[in-house]
Every structure is written in C-alpha cells, then in structure tokens.
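Below: one structure, written as structure tokens.
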Amino acid sequence: MNNFRLIVLFFFVVLSVNAQKTVRYDLYVRDTIVNFTGKPKRAIAVNGQIPMPTLTFTEGDIAEIYVHNELEEDTSLHWHGLFLPNKEDGVPNLTQMPIKPHTIHKYTFPIIQNGTHWYHSHTELQEQIGMYGSFVLNKRANDPTFRKGIDDLPTVPVILSEWTDMDPNNVHRLLHNASDWFAIQKGTTQSYSEAIKAGHFKTKVTNEWKRMNAMDVSDVYYDKFLINGKSESQLSQFKSGDKVRLRVSNGGASTNFWLTYAGGKITVVANDGSDVEPVEVDRLLIAASETYDVVVIIPADKTAYEFMATSEDRTKSSSLYIGNGIKQLVDPLPKLKYFEGMKMMNDMMKMNGDLDDMGMSMSLNQMDMNVVMYPEITGEAKGKSDKKMTGDDYNSNKLSDITTLNYAMLKSPMKTTLPKDVPVKELRFELTGNMNRYVWSLDNKVVSETDKILIKKGENVRIVLHNGSMMRHPMHLHGHDFRLLNGQGDYAPLKNVVDIMPMETDTLEFNANVDGDWFFHCHILYHMMSGMGRIFSYENQPPNPLITNPKLAQRKLFADDRMFHFMAENDFATNGNDGEAMYANTRWSIGTEWRLGYNDMHGYEVETHIGRYIGKMQWLMPFVGFDWRYRRMGIDEHEQNLFGQADTKDNRAVFSAGVNYTLPLLIIAQAEIFTDGNLRLQFERKDIPVSKRLRMSLMWNTDKEYMAGLRYIVRRNFGITTHYDSDMGVGFGMSLNY
Amino acid sequence: MNSLKKIMMVALTMLSITKIDAQIKNAKTEVVKIYGNCGMCKSKIEKAGSLKNIAQVSWDKETKMATLSYDASKTNQEEILKRIALAGYDSDVFLAPDKAYSSLDECCQYDREAKVPVKADAKTDAIGMTVVNPSSVSESQKANELQSVFESYFLLKDALIKGEGKLAAENSQKLLTAITAVKMETLSMDVHMVWMKVLNDLTADSKNISATQDIKKQREIFKSLSKNSYELIKVSKFSEPVYYEYCPMADANWLSKESVIKNPYYGSQMLSCGKVVETIK
C-alpha cells in the first residue's frame, strides 16, 4: 500500500514537471531553387533548408508545430511513426484537408513515445523535392528503459535522400509509360546485344518469352544521393575511441540504401524508433522510410572513417566521414550482375505471370534472391551455370563472411505481447504489381477500387502479407507500431514499416487502440501514388472535425490513383508522319495511332482505340475503336485481305470492336472486327532492345500490311529512325516523344 | 637558322599549350603526394585519376608527387584523389579501402605510411575496465597466457573455412609458435593439468598442419586439434563466449567465436552444415 502511494506520488511529480512543457516549432514552406548537379532546379525548402529542420522533443512534451504554407500549391506534413490523434496524422483528404496556399495550419499532439522518427509531406510528390526531415524523440533521463552506453552516447541525426533533376511529375509519367530512359541512364537496358556479349542470349529470350521487360532493383535514375542534404560531409568533432550513435532515417522517395562503414562493424541498437537488442553486422539495407539507430566506433587516431549509403541499384553513393583527419574509404559495392538476376527471375516466373518460390518459404529478408547479383557474395560474373539453386544459395550470411542484417535478427529488449482475451481479426493481402504498365496494388485492387477496411477498437489485428510482385515493397502503417513475428517469441520487434521482398510472406500484428482512418501503404512514393495501399477505419468512431465534407475528401483522395498519364510520339520521316498518343490510367487506355503521308498516294489513316485492361497481368485488353483512312492508288494494292474480304484500305471510315492480347515475347496480338464486316488480325512487337540505345519494331496484319523499323534513342525525347512500311515505303526521320 | 629554331620552338610550345587548353577548360593545376611504388602504379594512378576533358593526372615514381590539372568548374581535387584511392592508392586526403590495396599487384604494394595503426579495440578496453580486485587480475592474466593460442587456432580455422591451404599452413605455424611461448608455470593448477595432457598432441598436430598445404590432410588433422583445444578452453576459458560446434558429416567438432555455423571441414561446399553443441563462457 505504501509502495502504491509512493508510485502515485512519483507519477504526480513527473507529470507536474513534464506535462506543461510545450515545444513549439514554426515551419515556413517555400519554393526554392537548388543546384545539386550544376543545373538550377525547383525544390521546396522549409525554413530555407533541405532537408527540413530536425525537430527534437523529449517524451512527455507537447508538440506544437505551425506550418506556414507559402507555396502556390497545397501541402501537408505527416509525422512518420508517431502515435497521435488521427486528425494530426497529416494525410491530406483522409485525416485533414490539404493546407491551402498562404494559410497556417497548427499540428499539436502529446509526445508519448521515444526514438528516431522522421516527417515528410504526404501531398503528391513533394517528398521527392525536399520535404523530408528528422524527428528525434529523446528518452527521459529517468526512463526505466534507459540504456547506459547507448542512450547516453553522442547522437547525430542522419537523413538519407535522393535527388533527380527531372520534375517528379515527369518521373511518374515516364514510369507509367514504360519508358526505359532510366535504364539507359543507369546502363541497365539488358538488351539483346549485351546479353549475347555476357553469354546470356538464352536467358534474355526466356525472359521475353515469359513476357518480362528488363528488370531492375529500383525504378528511377537519380542524379545524386544525399546524407543530410549533401553528397559528402564530415563529422570532425569526433576522435579516436569515440562511439557515435547515428539516428538514420531513409527519407528517399523510392530508394533503399545499403549502409556500410570503413571502421569496422555497425551495431544496430534501434529500428523504426523502438529499441532492439544490440546486434553487430557488417552491413544493412535500410528500406525507404525505415529508421535504424546504429552505433559506430572510431578505431584510430587522426582518421575519419567513411560511413557510406549506397543506393540499392549501386549506381551512386553518399558519404559521411566520421572523425578528424585523413579519410579512410570503405570498399565500394560492386556493380550488380543483371543477367544473373534475369536468370533467377526466369526460374521463379511461371508462364501465367505468378511467382513460384520453388518450395522455399521465404520471410524476413533472410533469403535474398538478389544475392545472385551481388559479386561480393557470389563472386564475379562468370558465364552460365545450370546448377539448380536451393534455399541456402540465397542466404548471404551463409554464403560469405559478410554479415548482413535481416529482420530475424531483431529482438526487442522487453516483451511486446498484445493484450490477450480480445478478438483477433486476421487479414491477408497479396502485394500485386505489373511492371510493364506500372500498376501497383493489393489483391489487384488500388485504393480507389476498394472500401475502407473496418476494424474494432480493442481487437488485435493480424496481417499476413505475401509479395507476389517482382519488386520489394516497404509497407508502412500509420499511427501504430506492429509486432513483426520473426521467431523471437514474446520479444518480437516493434516496427511501423516492413520491407517485403518478392515471394516473401510476413506476419504482423497490432492492437487497435486509437480511433481514426489510418493509411497502410507502400512507401515507395510512386507505388503509393499508383494506389498501392488500403485504409483501416475504426468502427463507430466520432467524425473527424477537420473533414467537413467526407464525400469530397474521398473523391480527392481517390483522384491520386485514378490519374491519367499522357504520352505521345511522332516520327517525322521522309515518307510521312507516324505517331501515336495515349492517355491511360490503372485500367483504361485511350490510344490513337496515325500515319499521315505527304500526298494522296500515301494517304492518311487514324486508328483510335478505347480499351480496358483485364486481369492481374493486364495482358488482355478488349476495346472499341474507330478507323478512318483515305488514299488514292497506293503503292501496295490488294483487292482482298487474307480472308477474301474486299479491301477498303483506300477509303474507310468505320467503327470497330476488338481485343488485344500480349503473347510470349511481348508480341501484341490484335483481333478487330469493323462495322463493314471486315476482320483484321495483327501482330506487333514494339521496342525490341537490340542494343543499349537501339530499338526495333515489327508489325504484320491480315490486310497484308507490314512494317519494320529501327529507332536510335539519342535523348529522352529525341531519336533517329528508319522504317519500311508496306503502304509508304522506306523512310528516314527523327522521332520526338513526350 | 637559330631564329628559325626558336620560332619553331615557340610555335611548338604554343601548340602544346593550346592543346592542353582544348582538352581541359579553366584548367587548375596542383601538385599532391600519392603513395605508390613502381611503373605499374604510375599507369594505374593516372588512369584512375584522369577523366577525358575534365582531369589529367601525371605521377612521378621517384618523388611520389602527382600533378593534377583539372577543370575547376566541373571537379575538384577531392574527387580525383578519391578515385585514385578507390584504385588502391593512399594520398594525404584519402586512405584506400583495404580490399583495393590488397588486390594491387605485389610490386605495387607500397608501404602505407599515411595509415595510422588501429588502436586496441573497445572490447579489450571494456575488459580492462571490469577489473575490480587483485584475484580477478591474476585470473585474467592466466587466461591471457593461453589467449594467443586460441586466437591462432581461430585464424587457422578461418583459413580452413576459406579452403586456403597455404594460409592454413602459415596460421598453423603461428599456432605452434604460440604454443611454445606459453609459460606453463603461470597457469593455474587445473589448467596446468589439462595443458600437460594435451601439449604433445597440440604440438604435433599444429606442426603437421603447417608442414602440408593439402587442405584435405589439414582438415583431417584439425579434428584432433579441435578436440584437444576444446578440453583446454573448457578449463581455461576465453575472454568472450566460444561456441563448440559439431558437423555430423565429418563427425567432428570445432571451436568458433560465432554462433553462426561456418564449417571448416567442408568450406564452401557445406559451409552451413553443423550445429552449436555447447557454449563456453
């Protein structure tokens, strides 16, 4: 009893000391011009800086953050990994309305946790151009979980990010249009001639036979990678023997980073803001939006040791030198062996587009299929080996001396079990995707195609995720930490992001303890904007006072993944103009192709199709269309088509209905019936990657038309072409594309 | 005639200057030290540092000085020196990664003057800190007496994991040296007893492993060497936990500082075969 009284008294004292401490930040969001590459580009700075300023609080504080939107567009700020009332979560059109230009919005919430977190804009693609920053919550000095030798070390917030000179809206559009410009910039086209040179011709044919385009571990080419906004910087305040705790957040929009250190092992002490038992590794991969606290030691005098963040595709890196003096570099990560990866993908891909894990039940990043591409683990590329791989061949920790962190190694220092005797709701999601059309979804449905998922306050929610797509996805849950079931029993680590690799299955669970509409989504920015997510909504919750018109808010939220993307190209050739334009979104496509001759003999024709993609792989597209053409006395005269029907090539204005189907080798078969009763079958393959920059196209149809063309890609929207067309003959020209 | 020669000279110099100008705009020239050895180093350094139209590096083998001329609007000294360091060559700004240095040809492996030796790591510091009373001091000294024996054993084991017979022979030689250096009289009674028992076998086994480079033979002998080392480490203890591991395929045990299985009897063929049977603390 006495004890109890003491405890009450103690709490009272703590509360009275801490409760009133309000920490205020004012954030001024402004347009700015930056110059990372030699070219001035638009970005968004907060209080004049990129990354945004580090916000620091102590557990028990009350945060008051005033956002002054001085942009000409909407904005918002999301506090990543924080437990807070739903209306402070910062997801526009879901937990609040967007912060309008030239207005001030106040976020306020009590700080009821500690650890390394970060914050970023949740509005459109603003995160890509500067709106990310560290959010550090210190433990109270008398916290019972205070760890001597860890929590009292000098700490440095470290936020990783990337920079592209391209407007992110354009990046997003190019991704949806299957442009391989990023692959050309990275040198990862994986064309036929490169395949032959590497002794992998068969691999490439099999890959296309299984209807895959060249794959990479990441989607976007970046000009620079940054640590705290710089590609290189130094922490010269530290000296030999010092231990330094780095609070690393990955604020990259779509990049996972490898972390390596020149001064020896890296000790991981926390993940996603929650403490873990210290674990020593040689390297770790920090997925987009994850945070890790790591401790490094400076082993020698007068030396600064390189702490390096390398993008997962290993195109570039960023360095932080820790210590004072001569800079000891770390081994750079060698280039990926792409054709080995392609071969691995071929083995895993079934003809119907599903992935086959060949009986290896994979989870928690323990087996990394990409290991076949890592020269430091599996040796330099050497021709072909036909050995069948088994589970252990993908376990990098068993294959070499290099210890790589995986989720199974994370253990919470205290029990993290959920309340017992409450109902359990189990949900299963398959992560689905279609690289060719850049559609990313859960169970083949994007956010706008689904209802909110209702959960009850008090129940335990268990989510089983299986990644059936070909990319890895860091799945993030707002407002809650979940336990990642990783074999550590009661000590399962607490996380709010789980990076899940292709073919993996992971299970996570959390107690539903705070009302609201909470977003659960892939944190690759361009996947999220494509609709890869769901919304968890508490049943019978009070309405959100910030959402005055829920219908309007939902329509605006859904507009993100319903957005149409436009592309167009035209070949200005000696024998006419050839081109197409397309306007497409997740399911629909409106496309027009044209051929315009310079005289009546060559004639002109326009074909327009409006179609809807069907199925997970979107190989099937039924469409309706309109075909209009005219010419006089063409050079390739036929009385009849292959089916003995009258040829109407010289004068035709008809409606049509038909269907596109993608065949192996990425050949598009098209069957189309016109209102005049004519039938046409057509086979077309576009953009065969002959060499790094050379593309070939082939076409033939039952109207006895055929075409063969070559295009050399000079720049992103400019190419040199030559083609032969049965209607128009030989032509040379240049193509412009948008 | 003389004047013609002069004119020619001037013209030539002019030409060469304009040529450099054509190559690198806004050229800035600096002279820095780069550590290296031989003619081969020269070509490697220059190739690593130079970039067409942006940077030109010329290194003198005798003075170890490099002349950098570069377009200051496009690059800087740091970038050039970093590229050279990544090729394996230290400068006064950067130290090459160890891997890059060690993969240089033998003739290129210069003395790394710029590198400061790494101090004893924090772990041993921590052990020093925990010393509280005289008896535990003598305890730790006793352990240290055999520490180098075990450390050499672990090096030998690592060589066997990698399947490098030559390295294994060298490490076994080190082990032999460590064994002969042990001052028996400083060992405590129980450790002394075990030491007397295993000494002959330990000596013979390590001598035999060092005498051959045949990895198969070495692995065979390593079985009994491991068994004796186990008996020894069980009484004498080691400064950190040691795992006694067992491979059913070889029907043999070994000692390791890591709980992760890396099999010295099969190397890369069966690297992860085996399990931990005992943890010695």
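The values are calculated or read from the model by the stated rules, or taken from the named source; none is laboratory data. Predicted, not measured: the structure shown is a model, and the values here were computed from it. Using ideal geometry, Cβ is built from the backbone for each residue, glycine included, and neighbour counts are taken over all protein chains shown. Accessible surface is based on the protein model in full, side chains and every heavy atom, while ligands, DNA and RNA are left aside. Shrake-Rupley method; radii C 1.70, N 1.55, O 1.52, S 1.80 Å.
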Exercise for the section: Say whether the condition of being within 27 Å of the chain's Cα centre (by Cα), of a type outside the set (Lys, Arg) and open to solvent by 60 Å² or more (accessible area, probe 1.4 Å) is met by at least one residue in the range A:586-600. Expected result: yes
Handout entry: residue A:362, sole failed condition from (1) away from chain B (no Cβ under 14 Å); (2) farther than 30 Å from residue A:494 by Cα
Key = (2)
Exercise for the section: From the list A:536, A:566, A:519, pick out the single residue that is under 23 Å from the mean Cα position of the chain (by Cα) and open to solvent by 40 Å² or more (accessible area, probe 1.4 Å). Expected result: A:566
Handout entry: The listed residue being within 24 Å of residue A:317 (Cα to Cα) and either modelled with pLDDT of 85 or more or within 13 Å of chain A (Cβ to nearest Cβ) (or both), out of B:83, B:112
Key = B:83
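Being of a type in the set (A, V, I, L, M, F, W, C), in a helix (DSSP H, G or I) and modelled with pLDDT under 85 narrows it down to one of B:204, B:159, B:143, so name that one.
Result: B:143 is the single residue among B:204, B:159, B:143 that is of a type in the set (A, V, I, L, M, F, W, C), in a helix (DSSP H, G or I) and modelled with pLDDT under 85.
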Practice task
Among the residues of the range A:571-597, write down those that are within 17 Å of residue A:173 (Cβ to Cβ) and part of a strand (DSSP E or B).
Solution key: A:580, A:581, A:582, A:583, A:584, A:588, A:589, A:590, A:591
Handout entry: Scan of the range B:80-105 for residues that are under 23 Å from residue A:375 (Cβ atoms) and either assigned to a helix (DSSP H, G or I) or open to solvent by 40 Å² or more (accessible area, probe 1.4 Å) (or both), ordered by number
Key = B:82, B:83, B:84, B:85, B:86, B:98, B:99, B:100, B:101, B:102, B:103, B:105
Exercise for the section: Filter the range B:260-273 down to the residues that are open to solvent by less than 60 Å² (accessible area, probe 1.4 Å) and of a type in the set (S, T, N, Q), then identify the one that is modelled with the highest pLDDT. Expected result: B:263
Handout entry: Residue in the range A:277-311 that is farthest from the other protein chains (Cβ to nearest Cβ), counting only those that are hydroxyl-bearing (Ser, Thr, Tyr) and on the phi < 0 side of the Ramachandran plot
Key = A:291
Practice task
Please specify each residue of the range A:561-593 satisfying the condition of being closer than 17 Å to residue A:626 by Cα and touching a Ser or Thr at 6+ places or on another chain (Cβ under 9 Å).
Solution key: A:579, A:580, A:581, A:582, A:583, A:590, A:591, A:592, A:593
Exercise for the section: Collect the residues in the range B:221-251 that are among the charged types (D, E, K, R), touching a residue at least 24 places away in the same chain (Cβ under 8 Å) and either assigned to a helix (DSSP H, G or I) or open to solvent by 20 Å² or more (accessible area, probe 1.4 Å) (or both), keeping them in residue-number order. Expected result: B:223, B:227, B:231, B:234, B:237, B:240
Practice task
Select, from A:270, A:253, the only residue that is of a type in the set (Gly, Ala, Ser) and in a strand (DSSP E or B).
Solution key: A:270
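Does residue A:231 qualify as being within 14 Å of chain B (Cβ to nearest Cβ), under 25 Å from residue A:525 (Cα atoms) and either within 27 Å of the chain's Cα centre (by Cα) or not aromatic (Phe, Trp, Tyr) (or both)?
On the way: within 14 Å of chain B (Cβ to nearest Cβ): yes; under 25 Å from residue A:525 (Cα atoms): yes; either within 27 Å of the chain's Cα centre (by Cα) or not aromatic (Phe, Trp, Tyr) (or both): yes.
For residue A:231, the condition - within 14 Å of chain B (Cβ to nearest Cβ), under 25 Å from residue A:525 (Cα atoms) and either within 27 Å of the chain's Cα centre (by Cα) or not aromatic (Phe, Trp, Tyr) (or both) - is met.
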Completion exercise
Here the residues within the range B:233-281 that are charged (D, E, K, R) and within 13 Å of chain A (Cβ to nearest Cβ) are B:240, B:257, B:258, B:262
Practice task
Please specify each residue of the range A:697-738 satisfying the condition of being surrounded by 15 or more Cβ atoms within 10 Å (Cβ to Cβ), among the hydrophobic types (A, V, I, L, M, F, W, C) and more than 24 Å from residue A:171 (Cα to Cα).
Solution key: A:699, A:700, A:707, A:710, A:728
Handout entry: the range A:180-201: number of residues that are touching a helix residue (DSSP H, G or I) at 6+ places or on another chain (Cβ under 9 Å) and free of Cβ contacts under 8 Å to residues at least 12 places away in the same chain
Key = 2
Problem - Residue match in the range A:288-303 (condition: open to solvent by 10 Å² or more (accessible area, probe 1.4 Å), touching an Asp or Glu at 6+ places or on another chain (Cβ under 8 Å) and among the acidic types (Asp, Glu)) - result: no
Fill in the blank from the handout: Taking the range A:723-737 and keeping only residues that are over 37 Å from the mean Cα position of the chain (by Cα) and among the aliphatic types (A, V, I, L, M), one is left with A:728, A:730
Practice task
Specify the residue that is farthest from residue A:104 (Cα to Cα); the eligible residues are those in the range A:23-59 that are open to solvent by less than 20 Å² (accessible area, probe 1.4 Å) and over 27 Å from the mean Cα position of the chain (by Cα).
Solution key: A:57
Fill in the blank from the handout: Cβ pairs under 8 Å, 6+ apart or interchain, first in the range A:140-162 and in a loop (DSSP other than H, G, I, E, B), second open to solvent by less than 40 Å² (accessible area, probe 1.4 Å) and aromatic (Phe, Trp, Tyr), ordered by first then second residue, are A:154/A:238
Practice task
May I ask you to verify whether residue B:224 is within 14 Å of chain A (Cβ to nearest Cβ) and at pLDDT 85 or above?
Solution key: no
Problem - Residue satisfying all of: in the range B:66-79; within 14 Å of another protein chain (Cβ to nearest Cβ) and open to solvent by less than 40 Å² (accessible area, probe 1.4 Å); nearest to residue B:53 (Cα to Cα) among these - result: B:71
Practice task
For the range B:38-65, name all the residues that are in contact (Cβ under 8 Å) with a residue 24 or more places away in the chain, open to solvent by less than 70 Å² (accessible area, probe 1.4 Å) and over 28 Å from the mean Cα position of the chain (by Cα).
Solution key: B:54, B:55, B:57
Handout entry: Unmet criterion (only one of (1) open to solvent by 10 Å² or more (accessible area, probe 1.4 Å); (2) over 22 Å from residue A:240 (Cα atoms); (3) in contact (Cβ under 8 Å) with a residue 24 or more places away in the chain) for residue A:359
Key = (3)
